[in-house]
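Colleague: This structure is in structure tokens; I'll ask about it shortly.
Readers should treat all values here as calculations from the given coordinates under stated rules, not as data from a laboratory. None of the values given here were measured: they were computed from a predicted structure. Virtual Cβ from ideal backbone geometry, glycine too; neighbours counted across all protein chains shown.
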Amino acid sequence: MKALGGVKGFHDIVPPESERFTALEDRLRGVLRSYNYDEIRVPIAERTELFARSLGETTDIVEKEMYTFDDRDGTSLTLRPEGTASVVRAAIAAGLAQRERVAKLYYTGPMFRRERPQRGRSRQFHQIGAELIGRDDAMADAETVVLFADCLTAAGVSTAHIVLNSLGDAACRPAYRAALTAYGEAHVAELCANCRQRLTRNPLRLLDCKEEGCRRVMADAPRVTDHLCDACRAHFDEVKRLLAAADIAFSEDPRLVRGLDYYVRTAFEALAPNLGAQNAVGGGGRYDGLVEALGGPPLAGVGFALGVERLLLAGEASTVDTSPQVSVIPLAAAATLAALQMARRLRLAGVRTELESSGRSVKSAMRRADKLGARFAILVGDDELAAGRATVRDLRAQRDHRLVLAIDAAGAALMDGLHAIAASAPPVGAGGAAGG
Ligand SMILES: [Zn+2]
Ligand SMILES: [Zn+2]
């Protein structure tokens, strides 16, 4: 029968990639916990209205990229294209977003956008993100960017560069929007068809158009940072002062707008030079007003998301050792039960253990143990059963230790024995390892 293919842009993550994936998530969880964030798990489907209300009706994501479908009762549902809207909705529902209280939440999981699949971008992709709800001070922005930088370091993406901008707020953005619209109208002939539409509906989006002609025009466009009100200016200056004091390297990019309507004031992004044109590995910003727009109290918020696939692509090549530490090999049918029990005790002691099938030759069993990357092979044959002790082969030192482990020893004692053998082995590459 013909094999069934998967869906375009939806990928399986198989070993050893899946192990690298999990290891990266684990490292980032560790960083987030050290900043006192708690995990929140939100569903992958939401009412479509949630994203239309938060991301903005005229954003590319809402207009073109969402997986939207009608449930059987006619409710319009959407597979989440990002995490912030869901987290804010859930925090409001659970009473976590309240005055006089700060919520620090992180999430991880798949997101869905119907983009053109390309290297490091698929339609189902994974993000890990953090949201700090209930703080409007510049220190909160700075601490969030420091956390973002620490996540990049933990992900092995030391070459990533952080860019920063301020998008202003409800007080100063309307005047900037008007200035940008006037500038765009003066250059309308040079803009792409998309940008001509954006001009009236969402002029900020002109700034992140990838078309060469638009980029050329927008290089001389009015800068948002020249239109900030005094409060936004002071806030941005303080964020930059704190980041510089914290030794976070960053540069300013007045064209960084992040493509979502909910951002105000601070916006930031991390760019990895080895990822080509679509080189952002993550980003975030402040979203004061979003909690209220979704029916919660008037609380500020700031957060970010990192793309797990993008981080893995941009990160220094890292491998996760998934080989078993021990391979237990029953050499005789009578040894099967003893080997099964021995393997189980090792596993209960946390040792990654492979159990071979019985009745193979020593040679083929050893070859397999070697291929699996096991450090030790434990052999249990008739002689070993009679003596009550197993033979251990140190596969790195290539030598046998005859009858050294009590077959019925507890897992911890077995492990102690293996450690003792490892300690007695000559260092790798020291020569003279052919003994035994
Ligand atoms: Zn354009
Ligand atoms: Zn302002």
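Colleague: Report, ordered by chain and residue number, the aspartates and glutamates lying within cross-link reach of LYS363, taken as a straight Cα distance under 14 Å and ignoring same-chain residues fewer than 8 apart.
Modeller: Reachable aspartates and glutamates: ASP400.
Colleague: Given a Förster distance of 35 angstrom, what is the FRET efficiency for ASP416 paired with ARG33, based on the Cβ-Cβ distance and rounded to 0.05? Please list the in-between numbers first.
Modeller: Details: r = 32 Å, r/R0 = 0.90.
The pair ASP416/ARG33 has a calculated efficiency of 0.65.
Colleague: At 1.567 mPa s and 4 °C, plugging the Kirkwood radius over alpha-carbon pairs of segment 209-268 into Stokes-Einstein gives what diffusion coefficient in µm²/s?
Modeller: Numbers: Rh = 13.3 Å.
Diffusion coefficient, whole number: 97 µm²/s.
Colleague: 7 Å from Cα along Cα→Cβ at both ARG99 and HIS161: what's the point-to-point distance in nm?
Modeller: So the two model labels end up 4.5 nm from each other.
Colleague: What is the Cα centroid distance between segment 1-60 and segment 75-102, reported in whole angstrom?
Modeller: Spelled out, the Cα-based centre of one part sits 16 Å from the other.
Colleague: Per the Kirkwood treatment, what hydrodynamic radius in Å, one decimal, follows for segment 326-424 from the mean inverse distance over all distinct Cα pairs?
Modeller: Details: mean 1/r = 0.0777 Å⁻¹.
Radius from the Kirkwood sum: 12.9 Å.
Colleague: Could you work out [θ]222 nm for the chain from helices alone, using -39500 (n - 2.57) per DSSP H run of at least four and dividing by all its residues? Round to the nearest 500 deg cm²/dmol.
Modeller: Numbers: 14 runs with 154 residues, N = 436.
My calculation for the chain gives -10500 deg cm²/dmol from helical runs alone.
Colleague: Also, I was wondering about something else. With unit charges on the beta carbons (Lys and Arg positive, Asp and Glu negative) and the dipole taken about the Cα centre of the chain, which residue among TYR176, ASN194, ASN165 sits farthest to the positive side?
Modeller: With unit charges placed on the Cβ atoms, the residue in question is ASN194.
Colleague: Rounded, prolate or oblate: which fits segment 9-133 when a ≥ b ≥ c are the square roots of the eigenvalues of the alpha-carbon gyration tensor, with rounded for a/c under 1.5 and prolate only if a/b beats b/c? Can you show the working numbers first?
Modeller: Numbers: a/c = 2.04, a/b = 1.04, b/c = 1.97.
Here segment 9-133 falls in the oblate category.
Colleague: Among VAL217, LEU340, ALA91, whose Cα sits farthest toward the positive end of the charge dipole of the chain (+1 at Cβ of Lys/Arg, -1 at Cβ of Asp/Glu, about the Cα centre)?
Modeller: Projecting each Cα onto the dipole axis, the largest value belongs to LEU340.
Colleague: Using unit Cβ charges (K, R positive; D, E negative) and no other charged atoms, how large, in debye to the nearest 20, is the dipole of the chain about its Cα centre? Spell out each step's value before the answer.
Modeller: On the way: 56 positive and 56 negative charges, 240 e Å.
Roughly 1160 debye, rounded to the nearest 20.
Colleague: Report the residues of segment 106-137 in range of a label on LEU4: point 7 Å along Cα→C-beta, backbone N strictly under 19 Å from it.
Modeller: Under 19 Å, as judged by backbone N against the label point of LEU4, lie 124 of segment 106-137.
Colleague: Moving to a separate point now. Taking H placed 1.01 Å from N in the peptide plane, check which residues at least 5 places from TYR67 or on another chain put their amide H under 5 Å from its amide H.
Modeller: LEU79, ARG114
Colleague: First check a/c for segment 83-157, with a ≥ b ≥ c the square roots of the eigenvalues of its C-alpha gyration tensor; if it is under 1.5, answer rounded, and if not, answer prolate when a/b is larger than b/c or oblate otherwise.
Modeller: On the way: a/c = 2.89, a/b = 1.42, b/c = 2.03.
Verdict is oblate for segment 83-157.
Colleague: Rounding to the nearest 20 debye, state how big the charge dipole of segment 194-291 is about its Cα centre with +1 on each Lys and Arg Cβ and -1 on each Asp and Glu Cβ.
Modeller: 380
Colleague: Classify the chain from the C-alpha gyration tensor, please: rounded if a/c falls under 1.5, else prolate or oblate depending on whether a/b exceeds b/c.
Modeller: Working: a/c = 2.57, a/b = 2.43, b/c = 1.06.
It is prolate, given that a/c is not under 1.5 and a/b is the larger ratio.
Colleague: Same structure again: Can you list the lysines whose alpha carbon sits under 17 Å from that of LYS210, skipping same-chain ones fewer than 8 residues off?
Modeller: In chain and number order, the partners are LYS64.
Colleague: Rounded to the nearest 10 degrees, what's the angle between the helix 17-34 long axis and the longest principal axis of the chain, both from Cα atoms, 0 to 90?
Modeller: Here the helix axis deviates by roughly 60 degrees.
Colleague: So, in nm, how far is label LYS363 from label ALA334 when the simple model puts each one 7 Å beyond its Cα toward the Cβ?
Modeller: Taking the simple label geometry, LYS363 and ALA334 are separated by 2.5 nm.
Colleague: Which three extents, in whole angstrom, do the alpha-carbon atoms of segment 296-371 cover along their principal axes, largest first?
Modeller: 72, 31, 15
Colleague: Using alpha-carbon positions, what is the distance between the centroids of segment 339-415 and segment 153-211, in Å?
Modeller: Between the Cα centre of segment 339-415 and that of segment 153-211, the gap is 63 Å.
Colleague: Over all directions, the average projected area of the alpha-carbon convex hull for segment 170-327 comes to how many nm²?
Modeller: Numbers: hull surface 56.6 nm².
Orientation-averaged projected area of the Cα hull: 14.2 nm².
Colleague: On to the next question. Write down the percent of antiparallel bridges among all DSSP beta bridges whose residues are both part of segment 326-424, to the nearest 5. Before the final figure, lay out the partial values.
Modeller: Numbers: 9 of 17 bridges.
Counting DSSP beta bridges with both partners in segment 326-424, the antiparallel share is about 55 percent.
Colleague: Hey, got the dipole for segment 2-136? About the Cα centre, +1 on K and R Cβ, -1 on D and E Cβ, debye to the nearest 20? Numbers along the way, then the final one.
Modeller: On the way: 23 positive and 21 negative charges, 56 e Å.
The calculated dipole for segment 2-136 is roughly 260 debye.
Colleague: Could you compute the FRET efficiency for CYS192 and ASP370, with r as their C-beta to C-beta distance and R0 at 51 Å, rounded to 0.05?
Modeller: Details: r = 59 Å, r/R0 = 1.16.
The computed FRET efficiency comes out at 0.30.
Colleague: Additional query: So which aspartates and glutamates can LYS371 reach, going by Cα to Cα under 17 Å and dropping same-chain residues fewer than 8 places off?
Modeller: ASP321, GLU354, GLU356, ASP394
Colleague: Same structure, new question: List the trypsin sites (Lys or Arg not before Pro) in segment 183-262 that DSSP assigns to loop (not H, G, I, E or B) and whose Cβ has at most 13 other Cβ atoms within 10 Å. Which are they? Mind showing how you got there, number by number?
Modeller: On the way: sites: ARG196, ARG198, ARG201, ARG205, LYS210, ARG215, ARG216, ARG223, ARG233, LYS240, ARG241, ARG255, ARG258; in loops: LYS210, ARG223, ARG255, ARG258.
Loop-located and lightly packed - LYS210.
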